[in-house]
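Report on the structure given below.
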Amino acid sequence: MTTPTFSLLHVEFLAWAALWTLGLSAIAFIGGGLLGFGVMLARIGPSNILRRAASTYIQIVQGTPLLILLFLIYYGIAIFAGPGFPAILAAGAGLTIYASGFLAEIWRGCIEAVPKTQWEAAECLALTRWQRMTRVILPQALRIATPPTVGFLVQIVKNTSLASVIGFIELAQAGKLINNSIFEPFTVFMVVAAFYFAICFPLSMWSRKLERKLNVAGR
Amino acid sequence: MTYTFDFSALLPYWPDFLWGAVLTLQLSAVATVAGFIVGTLCAIGRADGSPVVKAIVAAYVEVIRNTPLLVQVFIIYFGIATLGIRVSANLAAMIALTVNVGAYTCEIVRAGLQSIHRSQVEAAECLGLSKPQIYWHVIVRPAIERVYPSLTSQYVLLMLASSITSQISAEELTAVANRIQSGTFRAFETYIVVGIIYLVLSFVMRGAFSAFAQAAFTRRRKLGTTL
Amino acid sequence: MSPVVKLNNVHKYFGALKVLEGVSFEVERGGVAAVIGQSGSGKSTALRCINALETIEDGTIEVCGHAVGDPKLDRRALRRDVGIVFQSYNLFPHLTVEQNIMLAPTCVKSIGKSEARELARDVLAQVGLSEKAQQYPEQLSGGQQQRVAIARSLAMQPKLMLFDEVTSALDPQLTGEVLKVMEDLARGGMTMILVTHEMAFARKVASQVIYMHKGQVWETGPGSMLDAPKTPELANFVGSGL
Amino acid sequence: MSPVVKLNNVHKYFGALKVLEGVSFEVERGGVAAVIGQSGSGKSTALRCINALETIEDGTIEVCGHAVGDPKLDRRALRRDVGIVFQSYNLFPHLTVEQNIMLAPTCVKSIGKSEARELARDVLAQVGLSEKAQQYPEQLSGGQQQRVAIARSLAMQPKLMLFDEVTSALDPQLTGEVLKVMEDLARGGMTMILVTHEMAFARKVASQVIYMHKGQVWETGPGSMLDAPKTPELANFVGSGL
Amino acid sequence: DTLADIQQRGKIRIAVDLGSPPFGMTDAQMQPTGSDIESARLVAEALGVELELVQVTGPNRVPALLTGQADIVMASFSVNAERKKVIDFTDAYGVIQIVVAAGSGAGANATKPEDLNGVQVGTTRGSTNDLEATAKLPGAQLTRYDDDATLVTALVSGQVDVMASSPQIMTAVNQRRAADPLTVKIVLKTNPYAIGLRKGEDALKAKLNAVIAENLKNGKLSEIYNRYTGVPLPAILPKT
Ligand SMILES: Nc1ncnc2c1ncn2[C@@H]1O[C@H](COP(=O)(O)OP(=O)(O)OP(=O)(O)O)[C@@H](O)[C@H]1O
Ligand SMILES: Nc1ncnc2c1ncn2[C@@H]1O[C@H](COP(=O)(O)OP(=O)(O)OP(=O)(O)O)[C@@H](O)[C@H]1O
Ligand SMILES: [Mg+2]
Ligand SMILES: [Mg+2]
């Protein structure tokens, strides 16, 4: 049996896996965004219980390694929701929870960065709580929130690599598989790293550009 | 649901959990200290170094921040061996974590350095302080104090991320969990327990960091405000 | 004719700090009350209590028929009747001047867009800023922003207007512009309570001056009371303030 | 007796902007020079050139025997001889008042801690702030902060002190405190150059007034020259400035 | 009843470990291959249902069963007493030895477990190899990787020089480690491996046993085993 060496075929295989990485990132970002928004609303809302619950949720999510979270979801889903759950859903659910915990906290910070006087002014115009939120606060918070949100997207893309431990074939797992067959760890993982870099670096740059723009505009 | 929970099966393993947690803390402690030094030096280099130094630091920071830790761990562990240097998994894990957190520290500290106003440096220059003295007394120390909360969060995240090094045989908490669950076949329970241990560790770590801040930053202790 | 605003023995604490200690005063319909006093004497707090931005510990406040201290108070109904303008303008930076003004009428009174725009034109004309409708707040000077803030409140056609040191962030020229608008309002019969440091303006416009000191109404009377203070505190305040 | 400071035909450009265009003046040992002039006339820049915070394009500057324009200049030696105090205090916020003052003596002169503390006590007494040694800058009023900044410079026992509009961020009362300290210094024989807008103070304290205009020394002479300006620019400046 | 479920949905979910060459791995086209994968095809064919491969790693094999991720596990799944407490096994369809192999460095002269005291020995976390090595090599310094592939990589790159694993792994290593090939020093155990399934699935177990017996008899299983590991199956497989 001859051992193959690293070839274009492998690059192609990695490229397909990279699509899965992107897909998983998209699931995590969209799911995490929706869930995170809800958690954030609860976190700053009027209900004491909801506020505490949201805060506990955030602390647990931020205080547990994603790896453990993924294991828990992977086995937990199977236990509670029955078998046959594809790995992508487990991975997607794990990353969604992870992203929601962080996004909720990031966005809370952005909303609280809108001066308190804006809330008051809106209140004094007799707007309802919902109107205050949607018409006055959110449009302003959105501007502040964009750079850190894009920045966090990079974290999500990178952290999808952990889905490999529950058998989901994305970029990192693909790298491991290729390495199984050709045993050139250095080459393989360098190429894998290059793939991640190609995805993440533009996002990082974009986030920085947004941040600079905001700083200039905010001055 | 056909699954019955049984946490008692894990009881005999408490020393393993304990040692796993100890190694996790050791890894994080070493990487925190080393990463802090590396990151701070890099931040200074990036702010004030020659163009070559600046470019090297920038490349280091961007490459690390835009690739997953998992891949970095593999490259360092196997890459170093391919070069003919054999390091233990724990050492490789420490190096990988240091390299990783060093890049993040660099970014955070750099923001702190930039927040020190030029006039502070001028004032120190006018008092006749030498460049290293200015850096130490007027730039780095207040800068660190300012970004201390961000650093704390980063190092707690590092501790959590160290779970990845189980992949290269470092016997830290997650590795222990994987081993115990395959011995007891109580996967879900094991990961719940380990998740709780990580939570506790992160609280402990935050506590330690704020205790350190209380001791190190006298101004904060006295006035209760941040710089 | 019952008073539009009636404070009776109002107490307000921030933790251990007693900010208002038994404040009582009334303002008649069409009256203009100028609240003066040293920094920290509780002027802003009194105004904020009137608009239910702060809760009170003791006493009663009645505003346009609303019992403000009542836990069952309908805050939104209260705020339809009361307009407030702050020192720091608090315009919404992401909306144009016109949108700033139209927001509350369309949201709260469910007025149609075109009618609201009409309304915005009117109040903008009233504060002399018709040509700025499409600008964003940051494109305006401080005095112009403050006048927009006034217009925004006016658009809700409140029965009572509260002004909290609306000119103290402005230079003398811009101050003049804003004071003129307020004078016009007073002449138009609007009931107003204004916290101000402009003694000259208080003297000229106010039907009633309320001097606050240490969380209490220390002295109250017509504008002329400033020229003949009864208490040494007011004498001192007027002497140093000008 | 040679002058402590001697500027000769100094030129300084920021890119295309010519900020100093041939500035020459001298200050004798024990002299107090007040630099006055409109905003943008180059006063701060001249001061910064004297202390080698800016490089110059042409001309020579000699300060306490150091050739400032010389590329081989030992900046740290120069700065042991020259103290400078800025409008914005520039105290180190993370250090107490005492630590602010002790920093340079211990770092630069390698004086022992206890001796440095002694020194700090002395200079603090000199500016009348003995009881504030353990406070942090933010706990002090502007005038107190400015006096600490002066004390910090004094602790290095400089031969020459530069002051750049040290009172212009202060209200009149605080200004008075700081001016008093400067007067004491002048009486004590310290050589000083001060950029100031306080004409009365310049008149009273300065042995020499330097009026700068458009990057040049337009007029110079004793304090009394302010009462009888020779150039229309100075006449205009004095007339409007007061 | 899993057998009924399988037949009803017309598809069987078999857990395999692609990180365990030559039993489970990927070929040059990155398709799953290996003796276990071939055997799994055989099983699906015999049951007349479609095959769905579920990827697991060594430590995940039991949880994958217990939590229902897969119907059965075919992943060089050695039979041992601990596992039997929680899951069931069919009859064996292959054997796997647990050996200690070493190159010319540390452990080169080992003939008995004590010779390995203080020596770094690589193995796969949570595998039978791990359990066996932990029990029989108390003095050795065990280094546990998450899967066989990482173990192989570690041996090839020289991170460790001694392994406690199967001869098949050793073969895979030696293909890449020509300079200092590993040789077997100690045989720790010869283990049968079998199909793992949840307890109480007697119908499924009987059916699978029949499939195994038939394919042992017609030589198909032996042929597959031989094709991937380079040696034929023993004539008689140990009882499970
Ligand atoms: N939210 C708050 N929490 C605690 N204390 C407060 C709060 N708001 C105001 N205070 C305190 O209440 C006192 C009165 O404040 P208030 O703003 O009413 O004074 P004021 O008369 O408006 O003064 P100024 O002229 O400076 O605006 C002050 O001592 C202030 O520090
Ligand atoms: N670092 C710099 N870069 C570019 N231009 C500068 C710089 N510093 C000062 N200038 C310009 O040089 C000119 C003189 O500045 P300088 O600060 O010396 O004036 P000044 O007399 O001190 O004025 P002021 O009374 O306002 O402090 C100004 O036009 C200023 O804009
Ligand atoms: Mg106020
Ligand atoms: Mg200046």
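The values are calculated or read from the model by the stated rules, or taken from the named source; none is laboratory data. Because the structure is a prediction, the values reported are computed rather than measured. FYI the Cβ positions are ideal-geometry reconstructions off the backbone, even for glycines, and counts take in every protein chain you see. With ligands, DNA and RNA removed, areas are computed over all heavy atoms of the protein, side chains included. Shrake-Rupley method; radii C 1.70, N 1.55, O 1.52, S 1.80 Å.
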> Wholly within the range C:189-242, which strands (runs of 3 or more DSSP E) include no fewer than the required count, namely at least 1 residues that are under 17 Å from the mean Cα position of the chain (by Cα)?
Replying inline: C:191-195, C:208-213
>> Within the range D:22-42, take every residue that is in a strand (DSSP E or B) and within 25 Å of D:Gly239 (Cβ to Cβ) and give me the one that is nearest to ligand 2 (Cβ to nearest atom).
In response: D:Gly37
> Within the range A:116-142, can you find the residues that are over 14 Å from C:Thr106 (Cα atoms) and more than 27 Å from the chain's Cα centre (by Cα)?
Replying inline: A:Lys116, A:Thr117, A:Gln118, A:Trp119, A:Glu120, A:Ala121, A:Glu123, A:Cys124, A:Arg129
> How many residues, within the range E:74-91, are among the hydroxyl-bearing types (Ser, Thr, Tyr) and within 13 Å of chain B (Cβ to nearest Cβ)?
Replying inline: 1
> If we scan the range E:46-64, do we find a residue that is more than 16 Å from the chain's Cα centre (by Cα), among the acidic types (Asp, Glu) and outside any strand (DSSP E or B)?
Replying inline: no
>> Criterion first (over 27 Å from E:Arg41 (Cα atoms), within 14 Å of another protein chain (Cβ to nearest Cβ), surrounded by 20 or more Cβ atoms within 10 Å (Cβ to Cβ) and in contact (Cβ under 8 Å) with a residue 60 or more places away in the chain) does E:Arg177 satisfy it?
In response: no
> Mind checking whether some residue in the range B:112-135 is buried (at least 18 other Cβ atoms within 10 Å of the Cβ), more than 9 Å from chain D (Cβ to nearest Cβ) and part of a loop (DSSP other than H, G, I, E, B)?
Replying inline: yes
>> Exactly one condition in (1) at negative phi; (2) surrounded by fewer than 19 Cβ atoms within 10 Å (Cβ to Cβ) is false for B:Gly84; which is it?
In response: (1)
>> Just to be sure I understand, how many residues within the range B:206-225 are within 14 Å of chain A (Cβ to nearest Cβ) and surrounded by fewer than 13 Cβ atoms within 10 Å (Cβ to Cβ)?
In response: 1
>> Just checking, does the range C:162-174 include any residue being open to solvent by 10 Å² or more (accessible area, probe 1.4 Å), within 13 Å of the chain's Cα centre (by Cα) and within 24 Å of A:Arg132 (Cα to Cα)?
In response: yes
> Does A:Ile44 fit the bill of being modelled with pLDDT of 95 or more, more than 14 Å from every other protein chain (Cβ to nearest Cβ) and closer than 30 Å to A:Leu142 by Cα?
Replying inline: no
> In the set E:Thr229, E:Thr153, E:Thr171, which member is touching a residue at least 40 places away in the same chain (Cβ under 8 Å) and open to solvent by less than 30 Å² (accessible area, probe 1.4 Å)?
Replying inline: E:Thr229
>> If B:Gly35 satisfies all but one of (1) surrounded by 20 or more Cβ atoms within 10 Å (Cβ to Cβ); (2) within 14 Å of chain A (Cβ to nearest Cβ); (3) not hydrophobic (A, V, I, L, M, F, W, C), what's the number of the condition it fails?
In response: (2)
>> Being of a type in the set (A, V, I, L, M, F, W, C), more than 16 Å from ligand 2 (Cβ to nearest atom) and closer than 26 Å to C:Ser224 by Cα is the requirement here; does C:Val19 meet it?
In response: no
> Filtering the range D:157-192 down to residues that are within 14 Å of ligand 2 (Cβ to nearest atom) and away from every other protein chain (no Cβ under 14 Å), which residue is modelled with the highest pLDDT?
Replying inline: D:Thr167
> Restricting to the range C:24-47, what's the tally of residues that are within 14 Å of chain A (Cβ to nearest Cβ), farther than 25 Å from C:Gly189 by Cβ and either touching a residue at least 60 places away in the same chain (Cβ under 8 Å) or more than 16 Å from ligand 3 (Cβ to nearest atom) (or both)?
Replying inline: 1
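Residues are listed down the side, and each one gets a yes or a no for (1) away from ligand 4 (no atom under 16 Å from the Cβ); (2) under 27 Å from C:Ala235 (Cβ atoms); (3) free of Cβ contacts under 8 Å to residues at least 60 places away in the same chain:
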| site | (1), (2), (3) |
| --- | --- |
| C:Leu170 | yes, no, yes |
| C:Thr175 | yes, yes, yes |
| C:Arg187 | yes, no, yes |
| C:Met190 | yes, no, no |
| C:Thr196 | yes, yes, no |
| C:Met199 | yes, yes, no |
| C:Ala202 | yes, yes, no |
| C:Val205 | yes, yes, no |
> Considering the range A:178-189 alone, what residues qualify as being farther than 13 Å from B:Thr82 by Cα, surrounded by fewer than 24 Cβ atoms within 10 Å (Cβ to Cβ) and hydrophobic (A, V, I, L, M, F, W, C)?
Replying inline: A:Ile182
> In the range A:109-139, what count of residues is obtained for those that are more than 19 Å from C:Gln145 (Cβ to Cβ) and open to solvent by less than 20 Å² (accessible area, probe 1.4 Å)?
Replying inline: 6
>> acidic (Asp, Glu), over 15 Å from the mean Cα position of the chain (by Cα) and open to solvent by less than 10 Å² (accessible area, probe 1.4 Å): is that true of E:Asp71 in this structure?
In response: yes
> Any residue at all in the range A:59-66 that is within 17 Å of the chain's Cα centre (by Cα) and not in a helix (DSSP H, G or I)?
Replying inline: yes
>> Looking at B:Ala175, B:Ala170 in this structure, which one is within 9 Å of chain E (Cβ to nearest Cβ) and either in a helix (DSSP H, G or I) or not basic (Lys, Arg) (or both)?
In response: B:Ala175
> Do the conditions hold for C:Asp70, that is, is it more than 16 Å from ligand 2 (Cβ to nearest atom), open to solvent by 40 Å² or more (accessible area, probe 1.4 Å) and touching a His at 6+ places or on another chain (Cβ under 6 Å)?
Replying inline: no
> So is D:Ile56 crowded, with 19+ Cβ neighbours inside 10 Å and either assigned to a strand (DSSP E or B) or within 16 Å of ligand 3 (Cβ to nearest atom) (or both) or not?
Replying inline: no
>> Show me the helices (runs of 4 or more DSSP H) found entirely inside the range D:67-140 where at least 2 residues are within 10 Å of another protein chain (Cβ to nearest Cβ).
In response: D:75-81, D:97-108
> Here are C:Asp227, C:Asp184: which of them is of a type in the set (Asp, Glu), closer than 14 Å to C:Ile36 by Cβ and more than 16 Å from ligand 1 (Cβ to nearest atom)?
Replying inline: C:Asp227
>> Quick check on B:Phe203: is it over 30 Å from E:Ala64 (Cβ atoms) and either more than 11 Å from chain E (Cβ to nearest Cβ) or in a helix (DSSP H, G or I) (or both)?
In response: yes
>> Any residue at all in the range D:43-50 that's more than 15 Å from ligand 2 (Cβ to nearest atom) and either of a type in the set (Lys, Arg) or in contact with a strand residue (DSSP E or B) (Cβ under 9 Å, 6 or more places away or on another chain) (or both)?
In response: no
> Any idea which of B:Leu129, B:Leu173, B:Leu157 is modelled with pLDDT of 90 or more and under 30 Å from E:Lys85 (Cβ atoms)?
Replying inline: B:Leu173
